[in-house]
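Below is one structure, written out as structure tokens; the observations come after it.
The values are calculated or read from the model by the stated rules, or taken from the named source; none is laboratory data. Keep in mind that this is a model prediction, so the values were computed, not measured. In this analysis, Cβ positions are derived from the backbone assuming ideal geometry, glycine residues included, and neighbour counts consider all displayed protein chains.
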Amino acid sequence: MGKASTHPNICVMECSNAVDLIISNKIVLPGTRRVVSAYVLNREREQVETYRDRTVVLATGGAAKVYQYTTNQYISSGDGITIAWRAGCRVANLEFN
């Protein structure tokens, strides 16, 4: 985590899982299609929370859990790729993931 955890404009959320992104056109907001907020599962409180900000960065790691045998951590599940795809991002070359 290093410098990111001390930066005033970055919120690092541990014990949380992004569930989905909320896209402007899905909630009928005018203007360009964009990410406006995210649903996040707070595992400590056991509830889904909504977070809104001007910028969303998905730093989710890989997807090794999709394979039967892996030396990577169990949490490397590929959820971030799925969330980005559902939001409209192009996904390609997953065989190199």
**Request:** Being hydroxyl-bearing (Ser, Thr, Tyr) and in a helix (DSSP H, G or I) is the filter; apply it to the range 1-46 and report the residue that is modelled with the highest pLDDT.
**Result:** Thr6
**Asked** Within the range 1-45, can you find the residues that are farther than 21 Å from Ile81 by Cβ and either of a type in the set (S, T, N, Q) or in the same structural domain as Gly88 (by TED's automatic domain parsing) (or both)?
**Response** Ser5, Thr6, Asn9, Ser24, Asn25, Thr32, Asn42
**Fill in**
By residue number, the members of the range 47-74 that are hydrophobic (A, V, I, L, M, F, W, C) and either touching a Leu at 6+ places or on another chain (Cβ under 6 Å) or part of a loop (DSSP other than H, G, I, E, B) (or both) are Val48, Val56, Val57, Leu58, Ala59, Ala63
**Request:** Look at Val40 and say whether it is surrounded by 14 or more Cβ atoms within 10 Å (Cβ to Cβ), under 11 Å from the mean Cα position of the chain (by Cα) and touching a residue at least 24 places away in the same chain (Cβ under 8 Å).
**Result:** yes
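Quick check: is even one residue across the range 86-95 without any contact (Cβ under 8 Å) to a residue 60 or more places away in the chain, surrounded by 15 or more Cβ atoms within 10 Å (Cβ to Cβ) and on the phi < 0 side of the Ramachandran plot?
The initial filter retains those residues of the range 86-95 that are without any contact (Cβ under 8 Å) to a residue 60 or more places away in the chain, namely 89-95.
Those still in the list that are surrounded by 15 or more Cβ atoms within 10 Å (Cβ to Cβ) too: none.
No, every residue in the range 86-95 fails to be without any contact (Cβ under 8 Å) to a residue 60 or more places away in the chain, surrounded by 15 or more Cβ atoms within 10 Å (Cβ to Cβ) and on the phi < 0 side of the Ramachandran plot.
For the structure I just gave you, tell me whether Ser77 is over 20 Å from Ala4 (Cβ atoms) and part of a loop (DSSP other than H, G, I, E, B).
yes
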